[in-house]
Amino acid sequence: MLVAATADRPLSDHEHASDPDSAPDRTEWANLLRYLRIPLVRRRHVLVITSAIYVPYQFFAGAPVLLSDGADHVELVGTPTGTDGDTSLRAQRIAQEIHAAVRTATTILHS
């Protein structure tokens with residue numbers, strides 16, 4: 001199974017309008033979790049493909065949910081992160097993702 005990973009951003013009015021079942025989902029992440037919990041052919045092996053910069057956060061946030069929901073194996077593959085553009089913005093994005101991954105891992109360890 002291929003899983004799409006997402007962010008913790010609010011869903012837009014347009015997104016809610018295009019998917020009426022998303023009414024209780026406040027964030028893109030909650031919306032994805034609802035889809036992951038829909039019964040499908042048993043998800044034993046899950047492959048998540050995302051940009052390399054997001055792999056640590058998405059592992060700590062998504063793997064526990066997938067494993068507790070019956071997956072036997074979760075693998076994350078990171079595609080190359082773009083290096084063009086403003087280097088200070090890229091450094092800021094990397095720092096934000098490291099912060100999010102550490103915060104999420106800490107939350108998991110204390111729950």
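The values are calculated or read from the model by the stated rules, or taken from the named source; none is laboratory data. It should be emphasised that the depicted structure is a prediction, and the values quoted were computed from it without experimental measurement. Glycine gets a Cβ as well: all are built from the backbone with ideal geometry, and neighbour counts include every protein chain shown. These accessible areas exclude ligands, DNA and RNA; they are computed on the full protein's heavy atoms, side chains included. Shrake-Rupley method; radii C 1.70, N 1.55, O 1.52, S 1.80 Å.
Computed values, structure above
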read-out: Residues Ala105 and His45, FRET efficiency given R0 of 22 Å [Cβ-Cβ distance, rounded to 0.05]; value: 0.45
read-out: Among (i) 43, 30, 27; (ii) 56, 35, 20; (iii) 43, 35, 29, the entry derived from the coordinates for Cα extents along the principal axes in Å; value: (iii)
read-out: Lys, Arg +1 and Asp, Glu -1 on Cβ, resulting dipole of the chain about Cα centre, debye, nearest 20; value: 340 debye
read-out: Distance between segment 45-71 and segment 73-111 - C-alpha centres, whole angstrom; value: 13 Å
read-out: Residue-normalised accessible area of segment 29-111, expressed per residue, 1.4 Å probe, Å²; value: 65 Å²
